[in-house]
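Some notes on the structure that comes next.
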Amino acid sequence: MTLRARAFSLIELVIVIVIIGIIGAIAIPRMSRGAAGAADGALVADLARLRNAIDLFHAEHNSTYPAIGDLVNALTQYSNEAGTSFSATKDGANGIIYGPYLREIPKLPVGADKGKSTFVAAYAAGNGWVYDATTGEVRANCAPAEKDARGVPYNTY
């Protein structure tokens, strides 16, 4: 009896490597598009959270929107009915019983100013969100040239 060594032939190894390469060529671009889509989805979700919080403030404060200078405190702290006094704790004796509507202001998840959470009245580089105190509208603080994978500008979300 002769003993024969069991092993893969060179042809079998090359075929397996080619198959793995083809699978990788298909899967890697799909995964990278998924990461970009995740950031776009995060922007949509963050805008929805901010808009809902601003709408709740508007409903509880005599149909007024917070001023841009008070916006962070108005959304993250307790306030009185007029929306002029803010406190980290509820104070029923002084009427500071409304809110908070958010734990923290979300950071911009896309664009050149990714990671910023400040508010401005009109587009200005270095900030996270654009807020209009007369209408309560909030948008991403992104330049018109900054677009998602579909070509839609982030500042129009």
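Since every read-out is calculated from the coordinates, none of them should be taken as a lab result. Computed from a predicted structure; not experimentally measured. When we count neighbours, we look across all protein chains shown, and the Cβ atoms used for this are built from the backbone with ideal geometry, even at glycine.
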**Request:** Select from the range 50-157 those GluC sites (Glu not before Pro) which occupy a DSSP coil region and have at most 10 other Cβ atoms within 10 Å, ordered by residue number.
**Result:** GLU104
**the range 11-156 pair-distance distribution - Cα-Cα, 10 Å bins, rounded %** = 11, 32, 24, 14, 9, 6, 3, 1, 0
**Among GLY95, TYR65, VAL18 the positive-end extreme of the charge dipole of the chain (Cβ point charges)** = VAL18
**Request:** Sort THR76, THR89 so that the residue with the fewest other Cβ atoms within 10 Å of its own Cβ comes first and the one with the most comes last.
**Result:** THR89, THR76
**Asked** Which whole-number percent gives the relative contact order of the range 31-98, counting Cα pairs below 8 Å spaced six or more residues apart?
**Response** 20 percent
**Prompt:** Where nothing but the Cβ of Lys and Arg (+1) and of Asp and Glu (-1) is charged, how large is the charge dipole of the chain around its Cα centre, in debye to the nearest 20?
**Reply:** 960 debye
**Asked** Roughly how many debye, to the nearest 20, is the charge dipole of the range 81-151 about its Cα centre, given +1 on each Lys and Arg Cβ, -1 on each Asp and Glu Cβ, and no other charges?
**Response** 280 debye
**Fill in**
If ARG103, ARG51 are placed from fewest to most neighbouring beta carbons inside 10 Å, the sequence is ARG103, ARG51
**Request:** As a check on your grasp of the helix formula, calculate [θ] at 222 nm for the chain: sum -39500 (n - 2.57) over DSSP H runs of n ≥ 4, divide by the residue count, round to the nearest 500.
**Result:** -13000 deg cm²/dmol
**Complete:** A correct fewest-to-most ranking of LEU10, LEU71, LEU108, LEU47 by other Cβ atoms within 10 Å would be LEU10, LEU47, LEU71, LEU108
**Message:** Among ALA74, ALA39, ILE105, which residue has its Cα furthest toward the positive end of the charge dipole of the chain, with +1 on Lys/Arg Cβ and -1 on Asp/Glu Cβ?
**Reply:** ALA39
**Request:** Output the relative contact order of the chain, whole-number percent, from Cα pairs under 8 angstrom with separation of 6+ residues.
**Result:** 17 percent
**Simple label model, 7 Å out from Cα along Cβ direction - LYS147 to THR134, nm** = 3.0 nm
